1. Select, from VAL73, VAL10, VAL19, the only residue that is at pLDDT below 90 and open to solvent by less than 100 Å² (accessible area, probe 1.4 Å).
2. Considering only segment 26-35, state which residues are open to solvent by 40 Å² or more (accessible area, probe 1.4 Å) and of a type outside the set (D, E, K, R).
3. Looking at segment 1-44 only, could you name the residues that are touching a residue at least 40 places away in the same chain (Cβ under 8 Å) and not in a loop (DSSP other than H, G, I, E, B)?
4. Within segment 22-48, how many residues turn out to be modelled with pLDDT of 95 or more and under 11 Å from PHE59 (Cβ atoms)?
5. Mind counting the residues in segment 49-70 that are at pLDDT below 50 and of a type in the set (Ser, Thr, Tyr)?
6. For segment 36-52, how many residues meet the condition of being open to solvent by 90 Å² or more (accessible area, probe 1.4 Å) and under 10 Å from the mean Cα position of the chain (by Cα)?
Amino acid sequence: MKITVKAARVNSNMKAKDVAVFLKLALVTYSRKENGKSRFYADEIARLSELFKVPYENFFEAACPVRDTKGDVPLSYEG
């Protein structure tokens with residue numbers, strides 16, 4: 001199941017300012033990340049997972065199809 005960082009924060013009854021302080025980020029920087037305008041780093045996702053008590057996998061799509069550079073044809077591969 002995918003959950004957004006914002007949903008996890010709200011479910012944890014935390015304010016964005018408190019999470020920004022926890023991550024040692026400016027509130028503006030955290031807000032940009034939470035709203036999808038910037039990306040979280042892997043270590044930030046790991047810390048958020050611990051803070052919100054949510055497995056870090058929940059912050060990612062379960063299936064990410066591999067596409068060619070044009071983005072319109074799925075590539076196949078043997079695993």
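The values are calculated or read from the model by the stated rules, or taken from the named source; none is laboratory data. Predicted, not measured: the structure shown is a model, and the values here were computed from it. No Cβ is skipped: glycine too gets one built from the backbone with ideal geometry, and neighbour counts run over all protein chains shown. Please note that ligands, DNA and RNA were not included when accessible areas were found on the heavy atoms of the full protein model with its side chains. Shrake-Rupley method; radii C 1.70, N 1.55, O 1.52, S 1.80 Å.
1. Selected residue: VAL73, the only one of VAL73, VAL10, VAL19 that is at pLDDT below 90 and open to solvent by less than 100 Å² (accessible area, probe 1.4 Å).
2. Residues of segment 26-35 open to solvent by 40 Å² or more (accessible area, probe 1.4 Å): 26-29, 32, 35.
Correct list: ALA26, LEU27, VAL28, THR29, ASN35.
3. Residues of segment 1-44 touching a residue at least 40 places away in the same chain (Cβ under 8 Å): 1-5, 8-9, 11-12.
Matches in segment 1-44: VAL5, ALA8, ARG9, ASN11.
4. Qualifying residue count, segment 22-48: 0.
5. Of the residues in that region, 1 qualify.
6. 2
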